[in-house]
Amino acid sequence: MHLTRRAALGASASLLAAPALRAQPADVIRIGVLTDLAGPYRDVTGPTSVACVRQAVEEYTAAHPSLRVEIITADHQNKPDVGINTVRQWFDQRGVDIVTDVGNSAIALGINPICVEKDKLHLNASAGTSDLTGRACTPNSIHWAYDTYCLSNTSGTALTKAGGDRWYFVTADYAFGHAIERDTTRFIEAAGGKVLGASRYPFPQTTDFSAFLLQAKASGAKVLGLAMAGDDLINCVKQAQEFGLTRSMKLAAIIGSITAVVASGLQTMQGMYIAETFWWDLDDRTRAFTRRVQQKLPAGIFPNYVHAANYSGVLHYLKAVEALGIARAKASGREVVAQMKRMPTDDDAFGQGSIREDGRKLHPSYLLEVKKPGESRYTGDVYRLAATIPADQAFRPLSEGACPMIRS
């Protein structure tokens with residue numbers, strides 16, 4: 001591990017009140033992991049995202065010992081004002097060069113203009129809104145892992161064509177949930193299906209989903225689309241089981257992950273369909289990455305696609321820094337993004353890929369069905385591969401994104 005002793009691990013949003021610090025050394029790359037350390041997205045992002053960033057830094061600096069890297073973390077508390085103020089403080093006082101993870105679409109959209117203003121890099125690994133490579137795209141941002149278009153395409157198209165042609169949504173009432181519902185509806189209708197209705201719940205205040213689930217059950221829909229993530233998803237699925245929805249409806253976690261499956265157990269999650277862009281048990285490379293990072297995690301934790309994106313994205317970022325030189329990389333996040341786009345991506349989490357002109361990282365997407373308890377052969381064996389969407393089909397076409405950087 002080649003983290004400097006000054007590495008500021010475990011800092012929180014209390015940094016907002018910290019006094020200005022002394023000038024930072026100019027030869028150190030500083031990575032800010034802005035994430036949810038205590039809220040509903042703690043498990044799907046949070047400490048495991050931080051561990052995956054550390055894994056990337058350790059691996060790369062072990063091979064390139066002249067590169068010095070510090071990691072700073074903060075909890076955005078799922079509050080846009082906290083996240084935005086933290087990022088400003090990082091840039092102005094902490095000398096941070098790149099912000100990664102983020103995990104909340106409203107915060108992600110809010111920090112994009114700041115990264116442009118300060119010429120820093122926004123590597124988003126966990127916010128879902130596809131607007132990050134659409135109307136809100138910038139030359140200073142890259143969107144890794146997934147977006148609502150990708151996972152909505154994977155779930156909406158495949159399940160509708162398989163007979164699930166009537167849907168009802170339970171949706172988190174903010175930018176992330178709205179984008180999931182909007183994008184999935186498009187693919188359902190394109191495949192010949194119909195959305196019968198939706199219930200939007202207050203986020204992040206809701207823990208009782210019973211009223212929304214009863215409305216879904218009464219709708220006569222064949223598929224319940226869950227436009228949510230984190231603890232909300234787990235709570236909603238458990239309550240859907242209690243109300244007997246799974247006897248008449250398929251459950252589709254549009255932005256689900258192995259994190260929720262392991263936390264809830266196969267007895268609860270069996271039969272659910274989940275779209276992911278990283279699956280730890282896909283091949284030898286993904287299994288090797290998982291074994292390495294699990295040494296930093298509590299027993300029984302498996303990285304999901306968000307966690308893996310922090311590893312993959314930071315690793316590629318450090319390659320670009322090495323190619324440009326630290327001085328040039330620190331001088332302009334925009335130049336680092338351009339370099340990252342020029343270089344093909346390749347790592348044990350996502351394999352080979354590329355970064356498109358609008359900042360979209362391209363790789364395949366997978367529709368996965370949760371196994372029944374008796375079908376699982378070993379710890380973490382929770383999925384059956386139902387479909388693979390190739391990289392060139394998984395994400396929104398460049399021509400449809402309305403990214404202002406792309407000339408029509």
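The values are calculated or read from the model by the stated rules, or taken from the named source; none is laboratory data. All of these numbers come straight from a predicted model, not from anything done at the bench. Cβ sites come from the backbone with ideal geometry, for glycine too, and all protein chains shown count toward neighbours. Quick note on the areas: whole protein, heavy atoms, side chains included, nothing else; ligands and nucleic acids left out. Shrake-Rupley method; radii C 1.70, N 1.55, O 1.52, S 1.80 Å.
Quick notes
- A single entry from ALA26, ALA20, ALA13 fulfils the requirement of being open to solvent by 70 Å² or more (accessible area, probe 1.4 Å), over 17 Å from the mean Cα position of the chain (by Cα), farther than 22 Å from TYR317 by Cα and modelled with pLDDT under 95: ALA20.
- Against the criterion of being hydroxyl-bearing (Ser, Thr, Tyr) and under 22 Å from SER126 (Cβ atoms), TYR366 qualifies.
- Annotation for segment 383-397: at least one member residue is assigned to a strand (DSSP E or B), among the hydrophobic types (A, V, I, L, M, F, W, C) and open to solvent by less than 50 Å² (accessible area, probe 1.4 Å).
- Residues satisfying the stated conditions in segment 252-280, i.e. over 22 Å from SER49 (Cβ atoms), outside any helix (DSSP H, G or I) and modelled with pLDDT under 95: GLY265, GLN270, GLY271, MET272, TYR273
- Contact map, segment 49-63: residues that are modelled with pLDDT under 95 paired with residues that are surrounded by 22 or more Cβ atoms within 10 Å (Cβ to Cβ), Cβ distance under 8 Å, separation 6+ or inter-chain. No pairs are found.
- Conditions (1) modelled with pLDDT of 95 or more; (2) surrounded by fewer than 20 Cβ atoms within 10 Å (Cβ to Cβ): number failed by ALA38: (1)
- Selection status of THR206, outside any helix (DSSP H, G or I) and of a type in the set (Val, Ile, Thr): yes
- Cβ pairs under 7 Å, 6+ apart, first in segment 64-87 and under 11 Å from VAL99 (Cβ atoms), second hydroxyl-bearing (Ser, Thr, Tyr) and part of a loop (DSSP other than H, G, I, E, B): ALA74/SER12
- Filtered residue count, segment 160-179, keeping only those that are within 18 Å of SER199 (Cα to Cα) and assigned to a loop (DSSP other than H, G, I, E, B): 2
- Hits in segment 293-304 (condition: within 20 Å of the chain's Cα centre (by Cα) and either surrounded by fewer than 21 Cβ atoms within 10 Å (Cβ to Cβ) or on the phi > 0 side of the Ramachandran plot (or both)): GLN294, LYS296, LEU297
- Set GLY374, GLY351: member being at pLDDT 95 or above, closer than 30 Å to GLY265 by Cα, among the small types (Gly, Ala, Ser) and touching a His at 6+ places or on another chain (Cβ under 8 Å): GLY351
To keep it simple, each residue is scored yes or no on (1) more than 25 Å from VAL306 (Cα to Cα); (2) open to solvent by 50 Å² or more (accessible area, probe 1.4 Å).
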{"residue": "ARG186", "(1), (2)": "no, yes"}
{"residue": "VAL195", "(1), (2)": "yes, no"}
{"residue": "LEU224", "(1), (2)": "no, no"}
{"residue": "MET228", "(1), (2)": "no, no"}
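- Members of segment 258-269 that are surrounded by fewer than 21 Cβ atoms within 10 Å (Cβ to Cβ) and either in contact with a strand residue (DSSP E or B) (Cβ under 8 Å, 6 or more places away or on another chain) or among the acidic types (Asp, Glu) (or both): LEU266
- Residue check for SER219: touching a residue at least 40 places away in the same chain (Cβ under 8 Å), polar (S, T, N, Q) and open to solvent by less than 10 Å² (accessible area, probe 1.4 Å): no
- Residues in segment 342-374 that are without any contact (Cβ under 8 Å) to a residue 60 or more places away in the chain, over 19 Å from the mean Cα position of the chain (by Cα) and either under 27 Å from ILE301 (Cα atoms) or open to solvent by 50 Å² or more (accessible area, probe 1.4 Å) (or both): ARG342, PRO344, GLU357, GLY374.
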